[in-house]
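The values are calculated or read from the model by the stated rules, or taken from the named source; none is laboratory data. All figures in this text were calculated on a predicted structure; none of them were measured in a lab. Neighbour counts run over all protein chains shown; Cβ positions are idealised from the backbone, glycine included. In case anyone asks, the SASA skips ligands and DNA or RNA and just uses the protein heavy atoms, side chains included. Shrake-Rupley method; radii C 1.70, N 1.55, O 1.52, S 1.80 Å.
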Amino acid sequence: MADPQRNIMLSSDSDEEPTNLSELVWMTNLKDYKILDFEGFLLGFQKIIHQYKLSIIQKNESEWNVLSGEKESLSALYTEPVIIQKNENGRFKNISVDELFQSRGSMTVILQGDSGSGKSFIAQKIMLDWASERFPSGHLFVVFCLRCKELMCISEEMNLTELLSYSCSLTSDQISQMLQHSPEKVLFIIDGFDELKLTQDIYEMSAHTHPLQKAPTEVILCGLMRRYLIPESKLLVTTRTKNTVNKLLKGRQKFTEIMSTEIIFTEIMGFSASQVEGYFQKFFRKEYDCVKANETLFTACSIPVICWIISEMFRVGADVTRGLETTTSIYVDFVSTVLEHHCQGLSQSVPTLLRSLGQLAERGMLEQQVLFDEKSVNETVSDPAGGSFLCNFLSKRRIHQETMFSFMHLSFQEFFTALYYVLLDEEESQRKVRELLHTVERGWALSCWSDRDFSMADVEIRHSKLLQPVILFLCGLCKKEWISLFFKKHNMAVSSNTESQIEEWLNQFSLRYQNEHMLFILHCLYELHEKSFVEKVLEGLIFIDLSNIPLKMTDCWVLKYCLQCCEHIRNLKLHVTSDNLKMLQPELYRCKELWLMMDQISDDVDGLISASGKGKILNILSLKQPDNLGSGFCSEITVSVRDEDITLSFSSSVVTSLTLTCPSSVVSTINWVKSHKETQLYRYRRLYFEEKGLFTFLQSLSGLKKVCLQDLDQISTLTPEILSLIQACPSLTELRMNFINRFELDYSLMKSLKQMGWILTVWGNSVLIRPDGKKFTVEKLKMKKIKSESRKGESSDSVSCSSFKAESSSAQSSSGNAELFTPDLLQTGDEDKHEQNTYRFVCPHAGQFQCSLTNLVFVMEGEGEVLYNIVSWDPRLLDGLGQIQPAGPLYNIDCSAGSVSQLHFPHCEIFSEENKDGLAVAHFTGGNVEIIQPLKVTETHVITDIRELSNFVIVWIISKLGIPIRGQVLLFLRMLSLEKKKLNVHLLPENVPVSEVQSRHQDKKYIETSSKCRLIPYQQYSLCCQPEECEVQPMTEMFEHNFGPNYHPTFEVFLDVNIEEVRLGILDKTEGGKEVWNRRRIFLTAPSKGVEPPKKEIEFVNTHGGKLIQRVSSVMPIADSLKSKNMITTEIWGKIKAAEPKQQKMRELLEALESGGDSVKAEFNRLLKENEPHLVDELESGPSRRSPQ
């Protein structure tokens, strides 16, 4: 056969001759050359590629089966797992391997999967399918597979073509031709990205690197990923961790102007139930019934490597139905089976052999090494190729004339590392486990404070992720009931302290990382399989958020077990499929609050919704599907239970809120809504002719209390239906309707309602209809009338109905011209009332005045003294007004001269046309609530006229989740001891006065810094702190509106007293770690000498803490009083109540006092005097310090 290279003849306008073919192909001015014998060129290509394909088929066509020694073809063994692709709207969709490379342009596919999920198997199958011409014709011209674990054996620098030649049967020159011929049809597979040892060198590579430039292997591979080399090609990267890959792809942004590349993120979810069945039906039809009968084992087989292990055990007739509850128990059983069949002729004892394997495995895990040269293996394991037992765990291969060994699968390297740790002597085992836990913990901490671009911190983060499976196996090896038989049989002693080490670590870090790493912690708890410990860990958590994680079948099984161990879970947030929901549903009712994100809300939710009304623990259920989806009968359903009433909210639908007393009506309500999903209601969010049908349906609901209808057309067409609904439902207490266009009053409806004893109130496009009776907490809902003209024919005693204008002609409608003043700060309080700030302003003349501490603006008609302060209140007073929520502190304002005519309340809303109508003012007086429509809402203030002064608070009339507000970050420093100090970090709305927070934390030093940020209520945030040795708790926390009067810290940072500077930042965990308060330097100075010493009451608590723990018996009465005064939260009160014995209750209470500040301590002291006066007298009269023994 003629050499295809000789068929290439080129002509050039240049006089220079190329020195060799490679240089010729990659010359910058290649376009100046013209191929004269193009047909011969293509014929040569085809022959080269045909030979390359044959070599791939020969290499990948068959796979050994371990225990039986038989060979099976890869095609016969292959079962494609479920693979998902995450879309921009947060929705996950299934995608097959064949669909990955349908695009004809440049693209990068990231295939993520845990160890044992089948990533390398898929890479092999792609190579084999291409070589066997099973891929879609014309999509791929040539495929190269770069196995990172093999390439890491290369010590010298290479260029791209040399590296590819190292991995296949082609020469560098042949590869050069192929890459130049059709680069857009070239697929590079980088298999096992985690095996690369990354350094900062990868960022020193130029975006315009020449393909023949030599560099370290990892630099070449990262250059391919970042599109510095062959940017037109297609790329598949398999990895166990995705964060580092993400950063490398983001690091290519400066190159995106040259080449636009589609990036697809996919994840292997494992086998579905039908795929598990299909796998076993290929080889073990009879044995499949045993697997299916064991639900735990069947679920475990959704992991491809577990499926393979079980099938291998079937091949030798092993019993796989006994005692296999955890992943670890399956691996132990497999090792035990191999020992039974291959223990003859062992040159050393089983314990020695297993320790040797474990030592080799550990070295590879710590050094990120999966291939071992023959010399290092012989030094650790004697005769690795000789014994049949070792041959089943260490596979031998020739890589470029060198003998190399690797574990048969990475998961066995992880398992033997854990086994090695528990087989060491007690002291060495504790040391090794402690170092492992510290490495993983450090990686977790760094992940919260990682730079946007790749850095060496990412290497540690990735390494910690790769070590996590070792911790899982350690947890499983602690379960002595299942594992002990294996150890006893082979006369192996096991470290007894590993379990306590692991449990202490999990208990501590479950509180710090209850969102980012919660799924891993749940898997650890499952492997431990200790019900009482699982319950202890989970009951200490306030919120578990797994909504950003697509749950695999095994994840759901683990979560189900953990839920079964607990009486209840406070708050759980999940992203589930219909299959997930079927598995989890029996246990989800244990959650007090449950938030489910579903790609499509289906019939499977009916049972959950029904359970919420049948006396179950579940009392708040939120079902949501991602935005912009065309399927499903509505995008969001919320169900809440209170006082045996069920409230259903349907978003993106007509029915916005229904409250029912009859739980059986719930499912029928949902069915009605679903039956209309094909109508214009869902396409245009309007009801049109369905409105009357809806009212007829509502009349049939027994016990209906509240109805809220969204996006209606005109009220005049609905008057008969409204009146019929009120007559048919005697239980109805409220009917709200929001109209598409500006509301036009129907006076016949108003007259009929009045005759029936109902009143109608109008606000813009909204109408509220409710009974006019004194039996309600809110006597009536008033609407301020702003320069409106009385309508003709409207009687003076008719319903309050006004047409409001956007602006007022009142004297001052803006806060920008106010005269700034600093009020007198009065400390008020006595023995029966905790200390608080009262502000005093003596107004000299008429005008507009703004308080420098609270930003309140007073419009004065003349001189007068104004006293105002923030007071404690119960936000439930707003419950009778629908979904109105507090939007600021409650101010008590008094002016004896009555000269205040207008108030401007500061708000924290980020002002826009969409939300400017969402704010109002609530006025509390005489047990009633008056909702005042503001004159105007500016970017900073809500402006309203007032008639009388008392308690005022701004409120959100339209509350939308996911909308950011203006927030602030406040810092307070306190000395704990001569060695330690604590920095309290508060996340608060911007309209909370700093002076109020300071007054509650007078024993701490306020540290001024730039505090502004944007926060989203009910999102999860984390605090990042450097230096890393500072301890932060909790690691994540939900931001909630806290308008006082108590201000507990969101985060606490414990640090050594000699640390004078830290760097702090706030990350939004819901949005993948986006910085919302950019990291900055914070200088920590000791509290000034001028700070007053603690008062007697505070000193009493600080001094006698130990004795109070031992002697206070009235903990719960005191906690009840503090809770009633909103000085401790319901969550803290619940922890105190649940704690046993009473000493632990007191410890929990003291911790709450510490975070609450001096005012809470003072109140505790007062309550203690009331409940146990003799104890207080004894402690105050005795020595303040315990005398030396």
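Quick notes on this structure:
- Of HIS490, HIS1174, the residue with the largest accessible area leads and the full order is HIS1174, HIS490 (1.4 Å probe).
- Under the shape rule built on the C-alpha gyration tensor, where the axes satisfy a ≥ b ≥ c, the range 154-195 is oblate, since a/c reaches at least 1.5 while a/b does not exceed b/c.
- Remark: the range 970-1109 projects, on average over all directions, an area of 9.3 nm² (convex hull of Cα atoms).
- Cross-link table LYS86/LYS624; LYS465/LYS531; LYS536/LYS1135; LYS119/LYS197, entries beyond 21 Å C-alpha to C-alpha: LYS465/LYS531
- Computed from phi, the 3J(HN,Hα) profile of the range 695-704 under the Karplus parametrisation 6.51, -1.76, 1.60 (θ = phi - 60°) reads 5, 4, 5, 4, 5, 7, 7, 6, x, 5 Hz, with x in place of Gly and Pro.
- Among GLU156, GLU1172, the sequence by solvent-accessible area, most first, with a 1.4 Å probe is GLU156, GLU1172.
- Of the whole protein surface, GLU262 contributes about 80 Å² of accessible area at a 1.4 Å probe radius.
- For the range 501-562: rounded, prolate or oblate by the Cα gyration tensor [a/c cutoff 1.5]: oblate
- Entries in LYS125/LYS247; LYS479/LYS1142; LYS292/LYS560; LYS125/LYS582; LYS705/LYS754; LYS185/LYS242 that, when Cα-Cα distance is taken, lie over 22 Å: LYS125/LYS247; LYS479/LYS1142; LYS125/LYS582; LYS185/LYS242
- The length gained on full extension between GLU948 and GLN1143, counted as 0.36 nm times the residue separation minus their Cα-Cα distance, comes to 65.2 nm.
- Among the protein heavy atoms, those of SER1113 account for about 80 Å² of accessible surface (1.4 Å probe, every chain in place).
- For SER115, the accessible surface of its heavy atoms amounts to roughly 30 Å² (probe 1.4 Å, protein chains only, rounded to the nearest 10).
- Sequence-distant residues sharing a close amide H with ILE1128 (under 5 Å, placed H): LYS1123
- Loop trypsin sites (Lys or Arg not before Pro), the range 270-359, which have at most 12 other Cβ atoms in a 10 Å radius of their Cβ (DSSP): ARG322
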